[in-house]
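All remarks here apply to the structure that follows.
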Amino acid sequence: MQTDQKIILAVPADRLPSELRRTTFLPLDAVRIMSVLQEAGLWLGPRPQLEEMPSFRQIIPYVVLTCADKWVRYTRAPAGGEQRLHGRVSIGLGGHVDLPDVCTVGNSIDLLKTLDDAAEREVQEELPGVVCSSRRWAGLLVDNESTVGMVHIGVVAIWELEFMPNGPTEDAISEAGLASWAELVEAGPRLETWSSLLLKHFAIADARVKI
């Protein structure tokens, strides 16, 4: 393993539960999420190689921000590292779990604290000034129908904001702002796959609208 490469957290794809062998959002609470990932086997490896290895899934905290009855949405700008997502509309902030994010207890990874810390770092980098009134882990996202999706697994969190930050966003984020449910539905064709999957789930769960 070369130390000059970014080391990130991943799991072996073939050790995930059968429910995650297809494109889906699987609602789970925090305890079950940690159990699923830990039982699959956590693995730290170099990002460049993992981007080309569907046998592993890179773990991505994917934080959905809500404020009152609206959602934070943004467009992925060309400055972002994942070129395959440029120009797509998203409701999820987050990124890879880097080696410095990893917290340990004894000889084991404290996965919950690791994901909490990685999510906090990513959100504050992308949308500085976020202050939350509540946070919860909500489930796992898998996309088996695109090259970018096949090498990632999303760990979805839902954070309720006290207010929408007014400060500058990271260069990889553009057009960040609050959107109503109807506006998100209208953006449907431009939504990245993970965001689209989540909106469909929320629509069914809340019986608000059929997408």
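The values are calculated or read from the model by the stated rules, or taken from the named source; none is laboratory data. What you see is a predicted model; the values in this text were computed from it and never measured. Please note: Cβ atoms are built from the backbone with ideal geometry, for glycine as well, and neighbour counts cover all protein chains shown.
Numbers for the structure displayed
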| item | result |
| --- | --- |
| Pair list, Cβ < 8 Å and 6+ apart or interchain, from region 87-98 residues that are of a type in the set (Asp, Glu) to residues that are surrounded by fewer than 24 Cβ atoms within 10 Å (Cβ to Cβ) and not in a strand (DSSP E or B) | 98/6 |
| Close pairs (9 angstrom Cβ cut-off, 6 or more residues apart or separate chains): crowded, with 21+ Cβ neighbours inside 10 Å in region 45-61, charged (D, E, K, R) and in a strand (DSSP E or B) anywhere | 50/57 |
| Enumeration of residues in region 30-44 that are surrounded by 12 or more Cβ atoms within 10 Å (Cβ to Cβ) and out of contact with any Pro (no Cβ under 9 Å at 6 or more places or on another chain) | 30, 32, 33, 34, 35, 37, 38, 42, 44 |
| Residue match in region 136-150 (condition: at pLDDT 90 or above, loosely packed, with under 15 Cβ neighbours inside 10 Å and within 14 Å of the chain's Cα centre (by Cα)) | yes |
| Unique match (being at positive phi and not charged (D, E, K, R)) among 167, 106 | 106 |
| Strands (runs of 3 or more DSSP E) fully within region 10-76 counting 1 or more residues that are charged (D, E, K, R) | 56-67, 70-76 |
| Members of region 131-179 that are within 24 Å of residue 117 (Cβ to Cβ), assigned to a loop (DSSP other than H, G, I, E, B) and charged (D, E, K, R) | 162, 170, 171 |
| Candidates 87, 95, 129, filtered to the one that is buried (at least 17 other Cβ atoms within 10 Å of the Cβ), more than 22 Å from residue 205 (Cβ to Cβ) and among the small types (Gly, Ala, Ser) | 95 |
| Some residue of region 161-170 being within 14 Å of the chain's Cα centre (by Cα) and among the aromatic types (Phe, Trp, Tyr) | no |
